[in-house]
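What follows is a set of notes on a single structure, which appears directly below.
The values are calculated or read from the model by the stated rules, or taken from the named source; none is laboratory data. Here the structure is a predicted model, which means the values were calculated and not measured. Please note: Cβ atoms are built from the backbone with ideal geometry, for glycine as well, and neighbour counts cover all protein chains shown. Accessible surface is based on the protein model in full, side chains and every heavy atom, while ligands, DNA and RNA are left aside. Shrake-Rupley method; radii C 1.70, N 1.55, O 1.52, S 1.80 Å.
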Amino acid sequence: MNSGSTVSRVPPESVALHYTGFFSPQNITAMGEVIKVFLENQQAPVKVRRRLFSSFVEIVQNILRYSQDSRVMIHAEQDFRFGTVSLRVEGDNYVLESSNQVDEVACEQLRYWLDLLRTMSNEEIKQAYRVGLRAESPATSKGANIGLLTLARDVSEPLEYELRPLESSGYATFWLKATIHQD
């Protein structure tokens with residue numbers, strides 16, 4: 001048995017991480033460790049690792065902060081919110097996907113921001129990011145409201161999304177896809 005570490009390559013069409021359930025800071029940290037090891041084993045360039053990890057953090061923080069699923073649990077003043085996140089290799093790309101429920105107001109805000117981001121150049125996204133860092137957080141935001149800008153800045157292709165209304169509930173499933181090239 002070899003006592004040294006070996007680098008294993010993951011097949012080109014494979015899932016590195018898939019999680020559906022309640023999100024907490026603790027399990028986000030554990031998933032982050034899995035992703036770090038996965039990227040090390042993939043021998044991903046440092047720039048790609050940074051962009052992918054940053055995108056992962058933004059996606060899971062959005063679930064933790066904004067998911068409106070009725071299965072939310074509260075324990076010791078901490079919310080545990082329900083959603084799904086996955087990371088897979090698809091050809092020469094890393095693909096992060098997430099889904100969670102959002103209310104109708106959030107749907108309109110998400111649609112506005114994501115459609116706008118899809119039309120912006122990389123330079124416009126970087127400029128909006130710098131402006132967002134200096135701006136006050138809107139009342140509807142639980143953070144600096146720059147999460148989508150961070151994602152748009154770090155991905156290799158425009159963010160993809162879908163908002164699927166859930167019948168007679170006032171909620172929709174929000175699906176988000178972020179693609180980062182391996183080069």
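Phi angles of segment 41-50 translate, via the Karplus equation with coefficients 6.51, -1.76, 1.60 and θ = phi - 60°, into HN-Hα couplings of 5, 6, 6, 5, x, 4, 4, 5, 4, 4 Hz per residue; Gly and Pro are given as x. The fraction of accessible area contributed by carbon and sulfur in segment 36-183 is 50 percent, rounded to a whole number (1.4 Å probe; ligands and nucleic acids excluded).
The residues of the chain have, on average, 57 Å² of accessible surface per residue, using a 1.4 Å probe with all protein chains present.
Hey, what number do you get for the chain at 222 nm if only DSSP H runs of n ≥ 4 count, each worth -39500 (n - 2.57), divided across all residues, to the nearest 500? Mean residue ellipticity at 222 nm (helix-derived): -13500 deg cm²/dmol. Projected onto planes of every orientation and averaged, the convex hull of the alpha-carbon atoms in the chain covers 12.7 nm². Put a dot 7 Å past the Cα of SER169, heading toward its Cβ, do the same for ASN41, and the two dots end up 3.4 nm apart.
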